[in-house]
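For reference, the structure is listed below as structure tokens.
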Amino acid sequence: MPIPVVRAETFYLPPPELSADAWALVPAAERVWRWVEYQQQRRVNPPEGFLVGEQTWARINHNRWLADCVCMSAQIVTPADPRMACTECGRGWIPVVFPADPDAVETELDTRPPHERNWTADDAPPPARAARPTLHGKGAR
């Protein structure tokens with residue numbers, strides 16, 4: 001039996017002291033916020049709105065559906081709830097572009113070992129990155 005590709009709803013799970021379905025009513029893209037609070041022991045609040053005109057592309061990296069943020073962070077995402085909001089920089093929600101048939105992409109990778117399951121859409125642009133700040137003073141180049 002093949003090992004399934006990891007999606008947000010199978011990775012961001014409630015802590016063991018809660019029932020397995022404790023987050024069942026939390027949309028898959030929002031579970032990362034609950035997970036970060038538990039795992040990192042820090043209070044985080046998801047943003048309220050979408051960033052107009054922005055999007056990111058889903059990719060499979062070492063058997064996980066990932067989406068990248070411009071701050072160079074990434075998180076596990078899911079085609080069941082194709083959006084993300086970065087828990088690191090706090091940017092607003094952005095749509096995540098998945099292939100037309102994510103299950104077919106996963107099936108295509110089934111024969112590879114999980115650490116070799118990597119996929120990026122042919123038409124996906126390179127990940128956008130925030131501009132690096134200009135350094136002034138000692139240590140500036």
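Points worth noting:
- You will find that of V44, V26, V32, V70, the residue that is among the aliphatic types (A, V, I, L, M) and out of contact with any helix residue (DSSP H, G or I) (no Cβ under 7 Å at 6 or more places or on another chain) is V70 and no other.
- A85 being touching a helix residue (DSSP H, G or I) at 6+ places or on another chain (Cβ under 9 Å), at pLDDT 95 or above and over 16 Å from V6 (Cα atoms): yes
- Every residue from the range 67-78 that is surrounded by fewer than 20 Cβ atoms within 10 Å (Cβ to Cβ) and either among the charged types (D, E, K, R) or out of contact with any Asp or Glu (no Cβ under 7 Å at 6 or more places or on another chain) (or both): V70, M72
- Subset of the range 30-66 that is open to solvent by 70 Å² or more (accessible area, probe 1.4 Å) and not in a loop (DSSP other than H, G, I, E, B) - its residue that is farthest from E9 (Cα to Cα): F50
- Test for D123: is it exposed (fewer than 14 other Cβ atoms within 10 Å of the Cβ) and under 20 Å from P4 (Cα atoms): no
The values are calculated or read from the model by the stated rules, or taken from the named source; none is laboratory data. Here the structure is a predicted model, which means the values were calculated and not measured. We place every Cβ from the backbone using ideal geometry, glycine too, and count neighbours over all the protein chains shown. These area figures cover heavy atoms from the full protein model, side chains too; ligands, DNA and RNA do not enter into them. Shrake-Rupley method; radii C 1.70, N 1.55, O 1.52, S 1.80 Å.
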